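Here is the structure we will look at.
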């Protein structure tokens with residue numbers, strides 16, 4: 001998969017999640033390197049286009065880990081995955097410039113920042129220096145309440161795009177993530193999903209990450225391990241409303257959902 005040559009809009013890309021943490025909200029974290037590499041290979045076989053690797057949980061109330069521990073978790077796996085799966089783009093999910101730099105040097109080609117480059121713009125310097133793609137997420141945590149969540153997301157995106165431009169990141173290599181579950185109420189998540197097409201006004205690919213999150217079943221009393229169907233529903237709606245990428249835990253199942261949705265909406 002060559003993201004530089006990919007014809008955006010032709011189909012929806014799947015981003016498979018590989019959590020290297022013991023405290024992942026989804027209960028899918030792996031610490032053993034061999035198990036993680038095996039899981040990465042399975043993610044590829046199941047239909048993922050990109051693997052997103054993270055060594056620090058970002059669940060509500062998460063406890064930050066040290067730079068050293070995060071590097072210890074992610075680097076050996078990235079090196080092995082890059083060697084074993086040379087054509088699979090690897091995304092590093094981190095908020096730390098040193099981790100991002102080491103990961104990109106080890107074989108990653110995408111930087112995924114849950115703070116949209118706004119907490120530490122040095123991440124933009126790292127991405128620019130390594131000519132990496134950047135996923136900038138709008139993070140509503142610790143922001144004031146707003147009356148229009150879509151307007152808030154668009155404003156956040158504009159801030160992130162401005163930072164990226166100032167630090168030399170190519171506009172064409174920025175992917176936008178509205179940050180479902182990061183500071184939004186269930187009703188606000190639903191509104192953003194319904195109005196997802198409005199986010200396309202900035203003319204950048206949109207990534208949707210709602211897999212197993214609260215809005216995929218908590219309102220019905222479904223636990224995290226009971227949200228497959230809910231995740232499938234919101235994934236199909238995301239594709240129908242213009243998502244270019246979906247970030248998922250259940251890759252095989254969501255691959256079929258996305259193929260079906262694409263077949264209907266991208267004729």
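Computed from the coordinates by the stated procedures, all read-outs in this text should not be read as laboratory data. Note that the structure is predicted; figures quoted are calculated from it, not measured. Ideal geometry is used to build each Cβ from the backbone, glycine not excepted, and the neighbour counts take in all protein chains shown.
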Contour minus Cα-Cα distance for residue 69 and residue 105 (0.36 nm per residue): 11.2 nm
Cα gyration tensor shape for the range 118-232, rounded if a/c is under 1.5, else prolate or oblate: prolate
Zone residues, the range 159-175, relative to residue 195, backbone N less than 16 Å from point 7 Å out along Cα-to-Cβ: none
Estimated inter-spin distance, residue 130 and residue 83, nm [label 7 Å along Cα→Cβ]: 1.8 nm
Spacing of the two label points (7 Å from each Cα toward its C-beta) at residue 6 and residue 265, in nm: 1.6 nm
Highest-first arrangement of 177-189, 140-152, 4-16, where packing means the average Cβ count within 10 Å: 177-189, 4-16, 140-152
Net lengthening on full extension, residue 59/residue 151 (0.36 nm per residue, minus Cα-Cα): 30.7 nm
Burial ordering of 95, 38, fewest other beta-carbon atoms within 10 Å first: 38, 95
Residue order, fewest to most beta carbons within 10 Å, for 58, 94, 197, 216: 197, 58, 216, 94
Value of Rg/Rh across the range 13-265 [Cα atoms, Kirkwood radius]: 0.93
Stokes-Einstein translational diffusion, the range 45-146 - Kirkwood Rh over all Cα pairs, 0.890 mPa s, 25 °C, in µm²/s: 174 µm²/s
R0 of 30 Å, Cβ-Cβ distance residue 35-residue 122: FRET efficiency to nearest 0.05: 0.40
